[in-house]
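In what follows, a structure is listed as structure tokens, so that the remarks can point back to it.
Nothing in this text is a laboratory measurement; each read-out follows from the coordinates by a stated rule. Just so you know, these numbers come straight off a predicted model, no measurement behind them. Every residue, glycine among them, receives a Cβ derived from its backbone with ideal geometry; neighbour counts consider all protein chains shown.
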Amino acid sequence: MDKSKASDTLLKVENLTVQFPIKRGSIIGKKKWLRAVDDISFTIKRGETLALVGESGSGKTTAALAAARLVKAHSGSVELNGEDFLALDDETLRTARAKLQFIFQDPYSSLNPRLKAESIVREPLANLNTGSQTNDKKAEHNRIVDELFEAVGLRPEQKKLFPHQFSGGQRQRIGIARALATQPELIICDEPVSALDVAVQAQILNLLRKIQHERNLTYLFISHDLGVVQYMCDSIAVMYLGKIVEYADRLSLFNNPQHPYTAALLSAVPSVDRQRRSKYKRILIPGDTPDALNPPIGCRFSSRCPAAQPICSESEPPLISRTDGHQVACHLVSDTGESPISALI
Amino acid sequence: MGTLLKVENLVIELSTTKGVAPVIDDLSFELQAGQTLSFVGESGCGKSMTALGIMGLLPEKVGRIASGSILFNGEDITKATDDRLREIRGNDISMIFQEPMTSLNPVFSIGEQIAEVLRRHQKLEKAAAWAQAIELLDAVRIPDAKRRASSYPHQLSGGQRQRVMIAMALACEPRILIADEPTTALDVTIQAQIFDLLEDLRAQTGTAIIMITHDMGVVAEIAERMIVMYAGRMVEQGQVDHVLSHPRHPYTKGLIDCVPHLMATLTEQRAELTEISGIVPSLAEFGQDTCLFASRCHLANQQCLQARPTEQHFNEQQLVACWRAGEV
């Protein structure tokens with residue numbers, strides 16, 4: 001692939017906010033807004049992978065859905081290939097969507113049980129060709145389907161089978177083939193391996209890396225598994241209660257986590273590496289994620305942060321970069337990028 | 001410290017439409033008091049069946065213990081009556097499950113559910129049982145336990161529900177706690193809290209823990225001994241440190257290498273993950289006189305297809321069932 005193009009930006013999300021109306025109490029109760037995604041910005045370069053990580057309810061999936069216009073953004077902008085994706089009208093959106101595809105978490109519920117594997121993979125192709133299907137097109141589609149089956153490691157005779165006749169890993173391969181059918185540039189992978197057995201996870205992760213390399217694909221990778229994230233990604237955005245709290249490249253984030261939440265998250269991952277276990281003491285953060293309807297005032301992590309100071313519950317820390325491109329939203333990180341947590345362990 | 005649980009040549013059979021399959025095939029192990037033992041393997045390898053077998057909770061009419069023995073404190077519980085089993089369960093051996101939401105009764109408050117265990121097993125009066133339920137909730141670090149005791153399961157978060165399950169399991173101070181993937185449904189920071197809690201409780205009460213998991217990292221963090229299961233058979237067993245640093249069975253090695261682990265220092269380098277090709281065999285293939293892993297094994301040869309591997313001893317009780325263990 002052309003490496004000179006590798007540095008240009010494919011997806012640029014700016015100040016994206018998503019909110020949902022929530023009614024609490026009786027029917028006449030006052031309508032409240034839940035900010036699932038609150039003013040987040042990120043960019044992904046062509047051919048690279050950005051991970052959105054965070055725990056359940058942090059807003060990572062909603063952010064991706066909003067970027068793909070599968071949920072409505074309240075404000076903000078999404079640029080795909082320099083084009084304002086949120087402003088497209090119905091018809092241009094339909095064709096633009098070909099450039100952006102999804103791979104879902106659950107390979108059991110994301111495939112139509114009544115379609116054969118080949119029809120599932122062919123469906124997006126047919127959907128993008130309006131008008132009647134000529135024989136030429138059919139032959140062309142068949143060729144593409146054959147090629148995709150081979151690319152994802154499925155055998156040709158498996159085209160005629162129904163989803164229930166496949167194992168979980170094979171179903172995920174069908175999901176990947178379907179996502180590749182329209183020759184997308186960006187694929188949003190929403191927890192693509194978390195429903196699979198560990199041994200099968202490796203097969204799918206290797207496959208995703210292989211086709212990324214072959215087709216110069218760009219991934220927005222959503223996961224809660226930090227081991228998988230460090231293997232797959234070039235940069236990482238850590239989300240907590242709808243906000244990005246830390247955003248940095250892979251080495252910088254994993255080797256020098258600056259936000260106390262990121263540090264706690266990393267330290268909580270059980271590891272087989274004895275050296276890592278002795279190097280990082282587990283930082284326990286108390287309690288559960290607070291109610292997203294009433295997030296803490298100031299820094300949203302302040303209610304659970306072991307390093308919190310009075311200022312943390314007074315004003316919200318901005319997401320700023322102190323050391324080369326490593327962005328973090330915390331009042332207490334030093335100018336040299338030292339985490340407040342390092343004083344505690 | 002003594003041997004609390006001794007399982008010998010246990011065979012558990014499950015009747016399927018295609019015949020009878022040995023889902024646990026000749027399993028032997030020991031559990032010492034206060035020890036943490038971990039079972040690892042992919043889904044369908046018999047980890048949970050072992051737990052259900054020990055608890056006497058095999059699916060009725062479908063599963064049965066075909067042969068072997070389970071000695072709890074010298075008493076063979078495979079021969080115990082239903083009444084005796086009910087006494088052992090809860091009092092001596094208890095269990096927590098993966099999905100705390102479906103394991104709790106939605107129409108009773110959590111305090112009542114814990115108190116019921118105490119009334120039934122310890123014959124406590126209503127008020128005393130309620131008071132102790134609050135103490136237990138406090139012990140598993142539910143904030144404001146006195147008020148929360150009247151909450152219903154749906155009002156709690158996933159992590160809190162699992163704490164309630166642990167409180168219930170520990171109500172009668174069992175000698176053995178079986179935890180079947182207790183944190184799989186939870187976020188990683190909550191998982192860390194639960195492990196911390198289990199570790200503290202073990203230190204305080206000396207309860208032995210059997211931890212069933214698919215995550216080698218979890219094994220490394222909390223267990224002393226581990227047993228790797230594949231297709232109903234033990235393939236490797238030993239001290240966690242030994243097995244992780246020098247796995248002797250290709251399946252164990254595969255399970256360790258196929259996961260991208262977080263290491264002490266991350267580098268630019270990203271080697272391709274080792275794949276274990278294929279999938280776990282179906283129940284119909286269980287019980288054959290071959291190595292059941294052979295079809296997925298890169299070391300397999302003729303011998304592996306002709307006979308079931310015998311168990312070989314390596315240093316300090318590392319036990320491996322593989323014909324080619326010396327070459328891994």
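Here are a few things to note about the model shown:
- Taking chain A as a Gaussian network of alpha-carbon nodes connected by springs under 10 Å, the highest mean-square fluctuation of the residues A:LEU16, A:LEU253, A:LEU284 belongs to A:LEU284.
- Rounded to the nearest 20 debye, dipole of the range A:258-345 from Cβ charges on Lys, Arg, Asp, Glu: 560
- Under 25 Å from the Cα of A:LYS137 - lysines, other chains or at least 8 residues apart: A:LYS99, A:LYS116, A:LYS159, A:LYS160
- Projected label points at B:GLU268 and B:ALA66, each 7 Å from Cα along the beta carbon direction, are separated by 5.6 nanometres.
- When the Cα positions of B:VAL235, B:LEU255, B:THR267 are compared along the charge dipole of the range B:197-269, B:VAL235 comes out farthest toward the positive end, with charges on each C-beta of Lys, Arg, Asp and Glu.
- GNM flexibility winner over chain A from A:ARG276, A:ARG122, A:ARG69 (Cα, springs under 10 Å): A:ARG276
- The Cα atoms of the range A:259-345 define a convex hull whose projected area, averaged across directions, is 6.5 nm².
- Counted over the protein assembly as shown, the DSSP beta bridges are approximately 65% antiparallel.
- Taking amide H atoms as placed 1.01 Å from N in the peptide plane, the amide H of B:ALA264 lies under 5 Å from those of A:ARG276, each 5 or more residues away in sequence or on another chain.
- Taking the DSSP beta bridges with both ends in chain B, the antiparallel portion is around 65 percent.
- Dipole magnitude for chain A: about 880 debye, using +1 per Lys or Arg Cβ and -1 per Asp or Glu Cβ, origin at the Cα centre.
- Close amide H pairs (under 5 Å, H built 1.01 Å from N) link B:ALA66 with B:VAL11, B:ILE12, B:GLU13, residues at least 5 positions away or on another chain.
- Proximal charge balance of B:ASP138 [Cβ under 14 Å; K/R count +1, D/E count -1]: +2
- Positive-pole candidate from B:SER150, B:ILE114, B:GLY68, dipole of the range B:55-166, charges at beta carbon: B:SER150
- Listing A:TRP33, B:TRP323 from fewest to most neighbouring C-beta atoms within 10 Å gives A:TRP33, B:TRP323.
- Pairs of Cα atoms farther than 39 Å apart, the protein assembly as shown, %: 39
- Among B:ASN315, B:ASN73, B:ASN91: highest mean-square fluctuation, GNM of chain B, C-alpha pairs under 10 Å: B:ASN315
- As a ratio to 2.2 N^0.38 Å, the alpha-carbon radius of gyration for chain B is 1.04.
- Taking the Cα atoms of the range B:32-191, the ratio Rg/Rh between the radius of gyration and the Kirkwood radius comes to 0.97.
- Phi to ³J(HN,Hα) by Karplus 6.51 cos²θ - 1.76 cosθ + 1.60 over the range B:216-221, Hz, x for Gly, Pro: 4, x, 4, 4, 4, 6
- Within the shell of other residues whose beta carbon sits under 11 angstrom from the beta carbon of B:LYS126, the net charge comes to -2, with Lys and Arg scored +1 and Asp and Glu -1.
- DSSP-assigned coil residues among GluC sites (Glu not before Pro) in the range B:197-249, each with at most 16 further Cβ atoms within 10 Å: B:GLU224
- Environment charge of A:ILE236, counting only residues whose C-beta is closer than 9 Å and scoring Lys/Arg +1, Asp/Glu -1: -2
- Under the convention that each Lys and Arg Cβ holds +1 and each Asp and Glu Cβ holds -1, the size of the dipole of chain B around its Cα centre is about 720 debye.
- Debye log10 I(q)/I(0) at q = 0.15 Å⁻¹ for chain A, Cα point scatterers: -1.32
- Taking amide H as placed 1.01 Å from N in the peptide plane, B:THR78 has its amide H under 5 Å from the amide H of B:ILE70, each at least 5 places away in sequence or on another chain.
- Rounded Å value of the spacing that divides the Cα centres of the range B:268-320 and the range A:139-212: 26
- Rounded to the nearest whole Hz, the Karplus-based 3J(HN,Hα) values (6.51 cos²θ - 1.76 cosθ + 1.60, θ = phi - 60°) of the range A:149-165 follow the sequence 4, 5, 4, 9, x, 10, 7, x, 5, 7, 4, 8, 8, 9, x, 5, 8, with x at glycine and proline.
- Of A:PRO286, A:GLY298, A:PRO270, farthest towards positive along the dipole that unit charges on Lys, Arg, Asp, Glu beta carbons give the range A:258-345: A:PRO270
- Order by protection proxy (mean Cβ within 10 Å, highest first), peptides A:289-296, B:160-167, B:135-142, B:12-19: B:160-167, B:135-142, A:289-296, B:12-19
- Largest first and in whole Å, the equivalent-ellipsoid semi-axes of the range A:148-280 read 32, 17, 13, each the square root of five times a Cα gyration tensor eigenvalue.
- Beta bridge orientation in chain A: antiparallel %, DSSP, nearest 5: 60
- Kirkwood radius and radius of gyration were both taken over the C-alpha atoms of the range B:110-231, and their ratio Rg/Rh is 0.99.
- Centroid-to-centroid, using Cα positions, the range B:174-210 and the range A:266-345 are 25 Å apart.
- The range B:2-85: Rg to Rh, with Rh as the Kirkwood radius over Cα pairs: 0.97
- Only lysines eight or more places from B:LYS146 in sequence, or on another chain, were considered; those with a Cα closer than 20 Å are B:LYS126.
- Table column - 3J(HN,Hα) (Hz), the range B:10-23, Karplus curve with 6.51, -1.76, 1.60, x for Gly and Pro: 6, 10, 10, 10, 10, 7, 10, 5, 9, x, 9, 10, x, 6
- Arranged from fewest to most other beta-carbon atoms within 10 Å of their beta carbon, A:PHE85, A:PHE162 become A:PHE162, A:PHE85.
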